[in-house]
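J.: Quick one: this structure, given as structure tokens, is what I'll be asking you about.
Read-outs: derived from the displayed coordinates by stated rules, not from any lab. This one's a predicted model, so the numbers in the text were calculated from it and none came from an experiment. When we count neighbours, we look across all protein chains shown, and the Cβ atoms used for this are built from the backbone with ideal geometry, even at glycine.
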Amino acid sequence: MQTAEIELKFPIHNLAGLQSRLPGLGFRLDTPRTFEQNTLYDTPSRSLRAVKQILRIRHYGDLWIVTHKRPADSSADGGPASLGTAANYGSAASYKVRIETETLLTDGPALAAIFHQLGFGPVFRYEKFRTEWSHTTPTIDGPLFTDPSLPNELPIGRHLVLDETPIGDYAELEGPPAWIDHTLAQLNVDPASCLTDSYGTLFLDWKQRTGRPADNLTFDEIPTPAVLLPVFG
């Protein structure tokens, strides 16, 4: 499935308090707190990173998911995009806008082996506990970042996810900008605190601040006593 991913992150200082407010704001719990492992793949020369694309295998609970992301202003082959260009999404400069293509897998390690044969190896791993919520109200007053003159406009969901990572807790709002702005106001979140950085970028910033030697954003490399780790086997 291909979708337009339009999102913002913000740090969470009181996870339980934020989560307790969501049902009253029209959010529905989709997935309870679930352990998630992610591996990014690239060529030795980092050819995907050079064009701001990612190729990822995610293990989320019992699910395996493969995802490709690219900037909204370029097509998969590097030319002009026929769907989801930045121009289609109005004033999206304040938001992270990506075209996301993903599908479920039955065997993640098998796909990783295929990637290896094609010249794509693991370059970064990151882990978190994720809780997924979706908004039950399909519309709000005001522009919803859609354009009826664009029949090929990609679908945009309305989701809030809560991520507990080894370097802190973050929320991600994904949806039309008007809905994101409305939800930030409802949650009393200062827009100035919002981020468009990836977890890879947040990890590198954390390393620079702390001087820690970790190579991956994982609980084994960055022990976090307050986080309840999964038990395997």
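J.: Once the other residues with Cβ under 14 Å from the Cβ of K207 are scored (Lys, Arg +1; Asp, Glu -1), what is the net sum?
T.: Its environment carries a net charge of -2.
J.: Separate question: Once you place label points 7 Å from the Cα toward the Cβ at T224 and L204, how far apart are they in nm?
T.: Going from the T224 label point to the L204 one covers 2.1 nm.
J.: Please give every one of the lysines within straight-line cross-link reach of K207, meaning a C-alpha to C-alpha distance under 22 Å, and leave out same-chain neighbours fewer than 8 residues apart.
T.: K9, K52, K128
J.: Applying the Karplus parametrisation 6.51 cos²θ - 1.76 cosθ + 1.60 with θ = phi - 60° to the phi angles of the stretch 183-189, what ³J(HN,Hα) value in whole Hz is obtained for each residue in order, glycine and proline being reported as x?
T.: For the stretch 183-189, the Karplus curve yields 5, 4, 5, 5, 8, 6, 9 Hz.
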